[in-house]
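Following: one structure in structure tokens, then a few remarks.
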Amino acid sequence: MGKFTEGKTFKNEIFSDLEVQGAEFEGCHFINCNLAEVNLMSSMFMDCTFENCDLGMAVIRNTAFQNVAFNNCKLIGLAFDECNPFLLAMKFENCNLSFSTFYKQKLKKTTFTGCKLEEVDFSETDLTEAIFADCDLIGTIFDNTNLERADLSTAYQFSIDPEKNEIYNARFSHQNVIGLLQKYDIIVE
């Protein structure tokens, strides 16, 4: 595989470190591909889509994800905090991002739809205007996180300390607002 690939569809492929490390992909479509534990270091993905792919535990140090959509993907244990922050823009739909970290990333207007985000670390992350639609946030860490104007109205199983996070104009529902009160150890009936 060449170092630069444009407009190609990859289907049912198992990738190796040699194929993707330092490679650039633009306008590519990855369908049912296995990139689990692959070294994607210094790779660039621009305007790409991943569908039903496994990227679990992949090395993404200095990897660029610019306008990338992940649909029905396993993204378990990824260190998104090590990604190249330049023009970082991603969208997640029906993905499992459990045990991943986004520490200090700027993820303004990022959309998470129907995702499992178990024990994900959003510490010091800018999630201004982010959308968490029907997302399971059990054990997710929000610490000094900017959630201004974020929509968590259909998210569930989260615990957010309003004193340690920016939640100005964030949206919550009557059903899930209890996630803002857990630190007070009170009973709401």
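The values are calculated or read from the model by the stated rules, or taken from the named source; none is laboratory data. This is a predicted model, so every value here is computed, not measured. Note that we place each Cβ from the backbone using ideal geometry, even for glycine, and neighbour counts take in every protein chain shown. All accessible areas refer to the heavy atoms of the entire protein, side chains included, with ligands and DNA or RNA removed. Shrake-Rupley method; radii C 1.70, N 1.55, O 1.52, S 1.80 Å.
Listing for the model above:
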quantity	calculated
Whole-Å distance, taken between Cα centres, linking the range 69-126 and the range 19-58	15 Å
Placed amide H near VAL59: partners under 5 Å, 5+ positions off or other chain	VAL38, ASN39, LEU40
Estimated FRET transfer efficiency when R0 is 30 angstrom, pair LYS106-GLU163 (beta carbons, to 0.05)	0.85
Accessible surface of the range 1-137, 1.4 Å probe, proportion on carbon and sulfur as whole %	45 percent
Options [x] 19; [y] 16; [z] 31 - which one matches percent of Cα pairs over 31 Å apart as calculated here	[x]
Gyration tensor (alpha-carbon) shape descriptor, the range 36-141, a/c threshold 1.5	rounded
Probe 1.4 Å, accessible area per residue of the range 20-105, Å²	39 Å²
